[in-house]
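Some notes on the structure that comes next.
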């Protein structure tokens with residue numbers, strides 16, 4: 001597919017490393033004006049060094065008011081990828097209030113907050129747009145020691161659907177991608193134990209975890225006009241995990 005985002009301003013959260021970083025670079029390659037958000041300054045500095053065209057914003061998405069003010073300074077924005085996320089993994093009975101608040105603040109509330117600012121501006125400008133929320137296969141399948149994470153991603157899926165319902169009349173599409181384990185540096189660290197990995201791999205018909213580019217391909221497709229009749233969808237990038 002020949003995809004270009006020339007003339008489009010795209011905001012990517014969690015762009016300091018992993019999927020978000022590679023996505024920011026890919027979107028810039030496709031001629032988008034990219035605004036990359038991360039709370040880690042050194043990651044943004046290396047990203048900007050690699051591609052000076054990318055605009056960077058150091059920000060803690062848990063700060064509701066500061067996030068709103070910062071995003072407003074970068075308007076207009078045509079597209080958003082809500083990629084930032086955290087995973088606090090522990091047995092259900094060991095998880096704490098702090099674990100719950102952190103996960104929900106980053107994985108759910110930040111999506112609501114950032115998307116609300118951008119969507120409101122798109123409506124005022126009478127422009128269509130596209131929002132992609134990075135969810136997980138864990139939104140639809142329970143995984144041991146993932147109680148809060150699974151709950152947060154389930155919330156992301158339903159938030160995506162309700163946003164699509166309400167924003168659709170304004171020509172704003174909202175979708176999610178729902179990957180399996182992705183071979184980022186963090187993914188490799190978390191699943192490098194062959195015994196632990198085998199339990200998950202045995203449930204994936206394609207027999208492997210996802211590569212970063214495979215998730216980015218799905219995000220780019222949903223952002224682009226190639227998916228112009230798709231909204232409210234949760235697109236699995238899971239090798240068939242959710243089909244089993």
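The values are calculated or read from the model by the stated rules, or taken from the named source; none is laboratory data. From a predicted model like this one, the values you see are computed outputs, not experimental measurements. Here Cβ is always computed from backbone atoms with ideal geometry, including for glycine, and neighbour counts include all displayed protein chains.
Where strands (runs of 3 or more DSSP E) fall wholly inside segment 1-102, the ranges with 2 or more residues that are free of Cβ contacts under 8 Å to residues at least 24 places away in the same chain are 55-58.
Exactly one residue out of 161, 153, 188 is in a helix (DSSP H, G or I), at pLDDT below 95 and over 22 Å from residue 68 (Cβ atoms), and it is 188. Among the residues of segment 119-146, those identified as within 30 Å of residue 76 (Cβ to Cβ), assigned to a helix (DSSP H, G or I) and in contact (Cβ under 8 Å) with a residue 12 or more places away in the chain are 119, 121, 122, 123, 125. Residue 98 satisfies every condition listed in (1) in contact with a helix residue (DSSP H, G or I) (Cβ under 9 Å, 6 or more places away or on another chain); (2) surrounded by fewer than 21 Cβ atoms within 10 Å (Cβ to Cβ); (3) farther than 15 Å from residue 175 by Cα except (1).
Taking the listed residues 210, 185, 197, 218, the one that is touching a strand residue (DSSP E or B) at 6+ places or on another chain (Cβ under 6 Å) and either exposed (fewer than 13 other Cβ atoms within 10 Å of the Cβ) or over 20 Å from residue 111 (Cβ atoms) (or both) is 210, with no other qualifying.
Of the residues examined, residue 180 is one that is under 27 Å from residue 231 (Cβ atoms) and buried (at least 21 other Cβ atoms within 10 Å of the Cβ).
Across segment 164-178, the qualifying residues are those that are outside any helix (DSSP H, G or I) and free of Cβ contacts under 8 Å to residues at least 60 places away in the same chain, and the one among them that is farthest from residue 123 (Cα to Cα) is 176.
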